[in-house]
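Below is one structure, written out as structure tokens, with a few remarks after it.
The values are calculated or read from the model by the stated rules, or taken from the named source; none is laboratory data. Owing to the predicted nature of the structure, the values given are computational and were not obtained by experimental measurement. All Cβ positions, even for glycine, are placed from backbone atoms using ideal geometry, and neighbour counts span all protein chains on display. With ligands, DNA and RNA removed, areas are computed over all heavy atoms of the protein, side chains included. Shrake-Rupley method; radii C 1.70, N 1.55, O 1.52, S 1.80 Å.
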Amino acid sequence: MSPRANWSYPTAIRFGAGRISELAEACLTAGIKLPLLVTDRGLASLPITQQALDILDAAGLGRAMFSDVDPNPNEKNLAAGIAAFKAGGHDGVIAFGGGSGLDLGKLIAFQAGQTRPVWDFEDIGDWWTRADAKAIAPIIAVPTTAGTGSEVGRAGVLTNSDTHVKKIIFHPKLLPAITICDPELTVGMPRIITVGTGMDAFAHCLEAYSSPFYHPMSQGIALEGMRLVKDNLPLVVADGSNIAARAEMMSAAAMGAVAFQKGLGAIHALSHPIGAVYNTHHGMTNAVVMPPVLKLNRPEIEERIARAADYMGIAGGFDGFYDFVLKLRADLGVPDKLAALGVGRDRIDEMTAMALEDPSAGGNPVKMTPENTKALFEACI
Ligand SMILES: NC(=O)c1ccc[n+]([C@@H]2O[C@H](COP(=O)([O-])OP(=O)(O)OC[C@H]3O[C@@H](n4cnc5c(N)ncnc54)[C@H](O)[C@@H]3O)[C@@H](O)[C@H]2O)c1
Ligand SMILES: [Fe+2]
């Protein structure tokens, strides 16, 4: 049996296999009468997406979809989505997909009623207070991958298509009103996406757990999230239709996003510029850079990681944990170096500068400097 539950933390979550059937009712509960389902191009034609539209249609909510969404969505996708939202007279968004569809859907609901440009709401200081909160349309989130946790997050990542920099747009009301976590939707993920997104969830938990800030709640959630990935990611990669394990991965993904309120670190600080410059998959990139970052941080996190290893049933303290990460990656077919993802050495200086500017850099246990960051890129490529 796979788990089924209703949670109210950090938002209303309907968790369990088959619960996509509640999509129309969730819209009505959130006050949405004419939803726009936002997803990416790849998902648009898949049966899970058509099924979601059928559910809306049968309840008289139409079957409007916007799917002009790139893998690392940008402000052009956002503008086109807002135009579709307005042209259709929609009153809410169903953000449906992996992080790309979820983030762009959330940002359409957020930005459609704003007068300032979206970049004015970057996650810097209290810039979010610049937004007109009343103009934000309600959001229902339906994840189809188990990784980013955007379905329970208060941010959306948007790539600037001129500068290729990924910006985090933040507002408390970017948190979806209702989230439907249906593990059956993740069964059809290509293997490489199952691996990449699963490692993203692991990276969120690991970096949150390792960050130096005081946040015991997040610390606890991150620890259990890591255990769930350790025990279940190999199972779903071996058998994609293992619904119980898919459900645990879906929980781990949501837990990672809740936990990383405590902070992220160098894994994400490196992965953001690499993704922006080379359009690599976010989670897969995280998995490749993870071991060199662990090595860099060792002096600050050795004892803490040893405690995590104990909890996760890994012998050997920090070294055991490090070896576990290497073995997990190898078993899942994650490449050892970034070169295998098409990343070259020619833009290391530029990416080093971008990594140091990235908001995640501040959460790294060892202070990131131009020297150690460049050395990290060298080691990873
Ligand atoms: N908001 C956040 O807090 C946050 C956190 C981490 C990452 N992100 C962002 O999320 C994005 C990455 O998201 P992702 O890793 O989920 O990948 P994705 O959304 O880009 O999807 C990857 C591919 O998998 C396909 N796919 C997704 N679900 C599927 C399914 N069930 N069956 C078959 N194919 C499926 C998609 O069509 C796409 O081609 C990046 O843009 C990243 O910046 C956001
Ligand atoms: Fe991530």
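The figures follow:
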| quantity | calculated |
| --- | --- |
| Å² per residue, accessible surface of the chain at 1.4 Å | 38 Å² |
| Rounded tilt (10° steps) of 348-357 against the dominant C-alpha axis of the chain | 70 degrees |
| Angle between the chain longest axis and helix 370-380 axis [Cα atoms, degrees, rounded to 10] | 80 degrees |
| The chain, dipole about Cα centre (Lys/Arg Cβ +1, Asp/Glu Cβ -1), debye to the nearest 20 | 360 debye |
| Accessible surface of region 133-234, 1.4 Å probe, proportion on carbon and sulfur as whole % | 64 percent |
| Carbon plus sulfur fraction of accessible area for region 273-381, probe 1.4 Å, in percent | 51 percent |
| Within the chain, longest stretch free of exposed chymotrypsin sites (Phe, Trp or Tyr not before Pro) [DSSP loop, at most 15 other beta carbons within 10 Å] | 1-212 |
| Full-stretch length increase - Val165, Lys337 - with 0.36 nm per residue and alpha-carbon distance subtracted | 59.7 nm |
| With DNA, RNA and ligands ignored, accessible area of Lys337 (1.4 Å probe; Å², nearest 10) | 90 Å² |
| Cα gyration tensor shape for region 70-181, rounded if a/c is under 1.5, else prolate or oblate | rounded |
| Shape category assigned to region 273-381 from the gyration tensor of Cα positions, a/c cut at 1.5 | oblate |
| Length-normalised contact order for the chain - Cα pairs under 8 Å, 6+ apart - percent | 15 percent |
| Environment charge at Asp120 (Cβ cut-off 13 Å; Lys +1, Arg +1, Asp -1, Glu -1) | -2 |
| Cβ-based net charge around Gly99, under 13 Å, with every Lys or Arg adding one and every Asp or Glu removing one | -3 |
| Cα-based convex hull, region 1-108, per residue volume (Å³, whole number) | 109 Å³ |
| Cα point-scatterer Debye curve for the chain, base-10 log of I(q)/I(0) at q = 0.07, 0.08 Å⁻¹ | -0.28, -0.37 |
